[in-house]
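Okay, structure first, notes after.
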Amino acid sequence: VQYLESRPYLWHMVALYVSLLPEDQMLESYPTMLVKVLEETERKRMLEQMRELFPDLQLQVLRQVVRLALSSSTGNDEIKCNSLQWLWQSDEHLGDALICANLLLRDFFLNEREDKMETAMVFVEDYLPEDLVESVVGQEDGGNVDNARSEHLAFCSYLEAYRTFGKWKDIL
């Protein structure tokens, strides 16, 4: 698996070999490799392979991929923003996508080193599907999705207020 991971032209074979590993080793090694995948076509191919080879673990793997990318200390906001695309490919994962989007927005809002409000606005406008909040309506997750929906709407309201305040300052 490590050999295949080190050669992007062989990535199409990784899912097969990973599916033969014990579950704990799979959950440890495969997500770290998937974080490196940036092309949408490659991502879709790997998602299809996961659905075919280990459908019961797919959501667990994808959650780990996104959380690894979000917790990365590299500071690459584009990789963090793109990582959520793993969860947008399937409707049943949209609740998780919304929760992870909120994690990233919280990170942008609470960043002490620099002002990330512009990055947060770009993330909401360019990376998130416009109907993300509406898409998760009706998904059952013990209230987590409802809380995430409320939190996301609050974040969007805050960003709109921030944008409006910036326009007001420009006029002054």
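The values are calculated or read from the model by the stated rules, or taken from the named source; none is laboratory data. The model shown is predicted, which means the values in this text are computed figures rather than measured ones. Neighbour counts are summed over all protein chains in view; Cβ atoms, including those assigned to glycine, are modelled from backbone coordinates with ideal geometry. Keep in mind that these areas ignore ligands, DNA and RNA; they rest on the heavy atoms of the full protein, side chains included. Shrake-Rupley method; radii C 1.70, N 1.55, O 1.52, S 1.80 Å.
Ordering 62-71, 159-168 by mean Cβ neighbour count within 10 Å, with the highest value first, yields 62-71, 159-168. Placing unit charges on the Cβ atoms of the charged side chains and taking the dipole of the chain about its Cα centre, the candidate lying farthest along the positive direction among Cys156, Pro129, Ser6 is Ser6. Among Asp126, Asp146, Asp96, the residue with the largest mean-square fluctuation in a Gaussian network model of the chain, with springs joining Cα atoms closer than 10 Å, is Asp126. Semi-axis lengths, largest first, of the ellipsoid equivalent to segment 25-69 are 14, 14, 8 Å, with √(5λ) applied to each eigenvalue of the Cα gyration tensor.
Answer with one residue from Trp168, Asn111, Asn82: the one whose Cα lies farthest towards the positive end of the charge dipole of segment 32-172, charges on Cβ with Lys, Arg +1 and Asp, Glu -1. Checked the options; the winner is Asn111.
Determine the dipole magnitude for the chain: charges of +1 sit on the beta-carbon of Lys and Arg, -1 on that of Asp and Glu, nothing else is charged, the reference point is the Cα centre, and the result goes in debye to the nearest 20.
Rounded to the nearest 20 debye, it is 440 debye.
Structure shown: which of Lys36/Lys80; Lys36/Lys116; Lys80/Lys167; Lys44/Lys80 lie over 21 Å apart, alpha-carbon to alpha-carbon? In this structure, Lys36/Lys116; Lys80/Lys167 exceed 21 Å between Cα atoms. Counting only whole DSSP H helices of the chain, the ones at least 20 Å long by C-alpha along their axis and with mean Kyte-Doolittle hydropathy no lower than 0.5 are 94-109. Kirkwood hydrodynamic radius computed over segment 115-172 comes to 12.9 Å, based on all pairs of distinct alpha carbons. The fraction of accessible area contributed by carbon and sulfur in the chain is 50 percent, rounded to a whole number (1.4 Å probe; ligands and nucleic acids excluded).
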